1. Rounded to the nearest 500, what is the chain's calculated 222 nm mean residue ellipticity when only DSSP H runs of at least 4 contribute -39500 (n - 2.57) each, over all residues?
2. Heavy-atom accessible area per residue, the chain, 1.4 Å probe: how many Å²?
3. What number in nm² do you get for the stretch 293-358 if you take the convex hull of its Cα atoms and divide its surface by four?
4. Is the stretch 160-267 best put as rounded, prolate or oblate by its Cα gyration tensor, with a ≥ b ≥ c the root eigenvalues, rounded for a/c under 1.5, and otherwise prolate when a/b is larger than b/c, oblate when not?
5. Which of the chymotrypsin sites (Phe, Trp or Tyr not before Pro) found in the stretch 1-76 are loop residues per DSSP with 15 or fewer other Cβ atoms within 10 Å of their Cβ?
6. Express the relative contact order of the stretch 250-381 as a whole percentage, based on alpha carbon pairs under 8 Å and six or more residues apart in sequence.
7. Given a 1.4 Å probe and every protein chain left where it sits, what share in percent of the accessible area of the chain is carbon and sulfur?
8. I'd like the Karplus ³J(HN,Hα) series for the stretch 26-41: coefficients 6.51, -1.76, 1.60, θ = phi - 60°, whole numbers in Hz, and an x wherever there's a Gly or Pro.
Amino acid sequence: MTWWQKLRKNSLAQVGALILLVFYLTVFLAEFTAPYDPYFSAPSASLLPPTEVFWRNQTTGGFIGPHVYPTTQGPVSIETGDREVFVDFAQPSPIRLFVQGDEYRWLRVMLPLPTQFSLSEPGFQEVELFPGIPGNIHLFGTVGSGRWHILGTDEQARDQLSRLIHGGRISLSIGLIGIALTFPLGMLVGGIAGYFGGWIDAVLMRLVEVIMTIPDIFLLVALAAVLPATLSSTQRFLLIILITSFVRWTGLARVVRGQVLSLKSQTFVTASQAMGGQSIYIIVRHILPQTATYVIISATLAVPSFIVAEAVLSLIGLGIQQPDPSWGNMLSLASNASILVLNPWLIWPPAILIVLTVLSFNLLGDGLRDALDPRSLQTYD
């Protein structure tokens, strides 16, 4: 039985892969799948609960299909602390697919490039690398003045679902970028240490052990106290990736070293050496590919740690900053007891998405581990 057939029989791994596929497609097409601009504040609409959907016209009683009405909130009552909700039943707004809405530029890429090198006052300038593809079509929305806030609005009257989708682009991409940086480094260092052995192995492994003693969260907290508070969310995003990647490649390097120690005495390595193959070529071309099974599994299981790190840092105010959304800084509202009790729709969605993402990666990683286990693979003639 091939690994692919074995993986297809693992229903939990399939569920995890399907959830991740839906999540990544949704955030990749965030401008299209999100109904509204995540930075737009609707007037008099802060902390609105999820919008109620009606099927019959509330004025005439006739059936007109799914629709919503323009909804606003009044000032906070001094006596009760409640806010009265006003619904304009004279303006029904039908819910439709593929509607025109806020304009956007899909796949716009901007990076902060340094203009001066100074730790106290680092200079950066946002440079547009790709202007993006303009558009104004959204997957769903309303036709009319009413807005469909499926998950309500936040304190700044911004659509919670739109911010959740755009925030997922940061929270989900940080893990993929992180392993893209850590795994090549960990594989190369581990491969060199295991292949050459001797003093090279001793020096590299002592370096690995020193770096492993550095807790990435505390390192980021310390840097946050040194670096200026004016860093943009993009700069903080890159900082989180670099710091976590700097610390987390070491575990992979140790495991790859152990595997290379057992592989370098194999016949195919001896044959390559006899044919005059260079050491680096033998490591990269012949030895490291033999560790692919472990690397794939380890990469799948490592992504959640990057996602959780970003969420924790944003939760304590050291990660992505408002108004830019991420699941971590959206979850930081949980520190406000009044919002936690009165506006739970602001807290549970990002928390549930983080849990589902981490769980899905773990299910997929467990499925890959079982499917790629050499002892369980059988080949057909």
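1. Rounded to the nearest 500, it is -16000 deg cm²/dmol.
2. Averaged over the residues of the chain, the accessible area is 53 Å².
3. Seen from a random direction, the Cα hull of the stretch 293-358 projects 4.8 nm² on average.
4. Oblate shape, in that a/c is at least 1.5 and b/c is the bigger or equal ratio.
5. Counting only loop positions with at most 15 other Cβ atoms within 10 Å, the chymotrypsin sites (Phe, Trp or Tyr not before Pro) in the stretch 1-76 are TYR39, PHE40.
6. Relative contact order of the stretch 250-381: 21 percent.
7. 66 percent
8. Using θ = phi - 60°, the values come out as 5, 6, 5, 9, 4, 4, 7, 6, 7, x, 9, 5, x, 9, 7, 9 Hz.
The values are calculated or read from the model by the stated rules, or taken from the named source; none is laboratory data. Remember, predicted model here, so these are calculated numbers, not experimental data. No Cβ is skipped: glycine too gets one built from the backbone with ideal geometry, and neighbour counts run over all protein chains shown. The area values use the complete protein model at the heavy-atom level, side chains included, leaving out ligands, DNA and RNA. Shrake-Rupley method; radii C 1.70, N 1.55, O 1.52, S 1.80 Å.
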